[in-house]
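Trainee: Below is one structure. I have some questions about it.
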Amino acid sequence: FPVTIFGGDFSYAGEEGAHASTGSTLSISSSNLSYSGTYGLYVTTNSKASAGLVNCNNSSGVGIYVANASSVNANSATANNCTGTAAIVVTAESSLNFSIGSATGATNAALFITQNSRCNAASATLTGAGTYAVYCSSSEVNVTSVTATGAGTNGILCQNGGRVTAVLGNFQKGGSPVSSDIVISDGGIIAAKSATGGLSTTANTGNYRDWE
């Protein structure tokens with residue numbers, strides 16, 4: 001059955017700040033899920049959540065986790081300074097709207113999108129990730145107009161047939177462009193017209209369309 005919470009404070013939870021699973025529907029907009037032990041927001045197994053403006057900052061694990069054919073609308077949410085695998089994980093045929101959101105200062109990845117999933121993070125801020133600002137494998141990610149500077153490994157890594165739209169975004173790791181800023185591997189496709197950052201290969205060359 002549906003659960004609706006507006007303006008709740010579930011900070012400092014030992015495990016999950018909020019959990020929806022097994023076909024659940026959760027509305028938890030404008031709520032505080034910060035400082036969770038494992039997940040700020042955990043949505044899995046054919047569940048849905050409306051989580052606009054939620055605060056999932058400072059999780060000891062993942063800020064927002066969406067898995068197993070689930071979907072979440074977390075427009076303008078925050079998942080800053082998370083120390084787990086990633087600030088945001090979307091996996092196993094799931095989807096997330098994280099437009100205008102913020103996932104800064106992640107110990108590892110900011111966005112980690114895998115296994116035929118989709119993430120819209122247009123105009124989000126993904127700065128200072130320890131490894132990847134955007135990791136996409138076998139999935140589709142929209143990071144148009146994103147600011148994702150200062151990543152430790154790659155601004156974008158797109159691989160295994162994944163598709164990333166990165167038009168007008170800034171994915172430069174340091175003070176000048178390098179080939180590890182925007183990277184494709186194993187059939188990945190990135191549309192990076194007017195994006196800032198070095199490319200791992202020459203634009204529009206190779207066995208598939210690398211850049212647009």
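The values are calculated or read from the model by the stated rules, or taken from the named source; none is laboratory data. Not measured: the values here are computed from a predicted model. Positions of Cβ are backbone-derived with ideal geometry, glycine not excepted, and every protein chain shown enters the neighbour counts. Calculation scope for accessible area: heavy atoms of the full protein, side chains included, ligands and nucleic acids excluded. Shrake-Rupley method; radii C 1.70, N 1.55, O 1.52, S 1.80 Å.
Trainee: Cβ-Cβ below 8 Å, separation at least six or inter-chain, first residue in the stretch 73-102 and over 24 Å from residue 22 (Cβ atoms) and open to solvent by less than 10 Å² (accessible area, probe 1.4 Å), second of a type in the set (Gly, Ala, Ser) and in a strand (DSSP E or B): which pairs?
Mentor: 82/40; 82/63; 87/63; 87/109; 87/110
Trainee: Might you let me know whether the stretch 29-39 holds any residue that is open to solvent by 10 Å² or more (accessible area, probe 1.4 Å), part of a loop (DSSP other than H, G, I, E, B), in contact with a strand residue (DSSP E or B) (Cβ under 7 Å, 6 or more places away or on another chain) and touching a residue at least 40 places away in the same chain (Cβ under 8 Å)?
Mentor: yes
Trainee: Among the residues of the stretch 158-190, which ones are part of a loop (DSSP other than H, G, I, E, B) and surrounded by 24 or more Cβ atoms within 10 Å (Cβ to Cβ)?
Mentor: 162, 166, 169, 171, 181
Trainee: What tally of residues in the stretch 134-148 results from selecting those that are open to solvent by less than 10 Å² (accessible area, probe 1.4 Å) and over 13 Å from residue 196 (Cβ atoms)?
Mentor: 4
Trainee: Same structure, new question: Could you tell me which of the residues 181, 186 is modelled with pLDDT of 95 or more, over 22 Å from residue 59 (Cα atoms), among the acidic types (Asp, Glu) and touching a strand residue (DSSP E or B) at 6+ places or on another chain (Cβ under 6 Å)?
Mentor: After ruling out the rest, the residue left standing is 181.
Trainee: Next question. Within the stretch 58-72, work out how many residues are over 24 Å from residue 159 (Cα atoms) and either open to solvent by 30 Å² or more (accessible area, probe 1.4 Å) or in a strand (DSSP E or B) (or both).
Mentor: 2
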